[in-house]
Amino acid sequence: MDAEKKKSLRNKLLIVVGLILMEIVIIIMALVMDRIYSGEKGVELLETLQSYQDKLSGFGFWSYPVMVLAQILQMLLAIIPGGPLAFLLGFMFGTVGGAVVGTIGNIIGTAMIVWAVNRFGMKFVNMFCNSKGFEKLKFLHDPHKRDLLIFVLFLIPGTPKDLITFFAPFTKAKPSRIVILATVGRLPALILSTSIGDTLAEGNIWATVILITVTMLIVGVSVFLKDMVMNRKPAASVEETEQ
């Protein structure tokens, strides 16, 4: 095993160990919260959470387009991290409602970005993100595994999804395909995040812990699967196909 592979394996193991330690901390916090919820303070805390939920949803119908707009702005400007925003959607609208609102925002936001990048090129990209990160995404130009890799990158938690959205049009993939791959790829993480927000709003601490654990397991597995997918060799190179 060469030095580069050893370093990669060490980094993966460190990530897994970090996730395990984080899970231990979450379980300890859950035990403490469970004790708190079992008393009078727990009732007050639950009432506080529900009052926040009522206030956030208090705009009635307009709370939905406002949060769709927030989702689009998050993709364009990254003012709000995607994870916490999805959590907030679940807290406000529940698991399904939050996922629907988030998905609508993802579809509109992705379509807008793809159209603008195709229309204005790097001028538009440089207005909203640092294109230096594109160097790490050059492998997406490979037509043999481009679509699969775009989907996987959106599916895997922790990848720079907004940067990938800005880069994807340069791969010459069809705009409609980019929107579909990005939207479907984001959906599992979106549903998990809205579920966490929903269960916390209901005061269900242990359901929240279980969902966070599932999320961490997915992250841990994806650390090992990502390189396997990205390093998969195409059936034939572009030059071989032309010959």
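Structure data summary
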| read-out | value |
| --- | --- |
| Gap separating the Cα centres of the range 85-102 and the range 164-197, nearest whole Å | 17 |
| Packing-based exposure ordering (other Cβ within 10 Å, fewest first) of L77, L163 | L77, L163 |
| Computed E for I218/I180 - FRET, C-beta separation, R0 30 angstrom, nearest 0.05 | 0.90 |
| Mean separation of Cα contacts under 8 Å, 6 or more apart, over the residue count of the range 104-175: relative contact order % | 43 |
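No lab work stands behind these numbers, since they all come straight from the coordinates. As the structure is a prediction and not an experimental result, all values here were calculated from the model. Glycine gets a Cβ as well: all are built from the backbone with ideal geometry, and neighbour counts include every protein chain shown.
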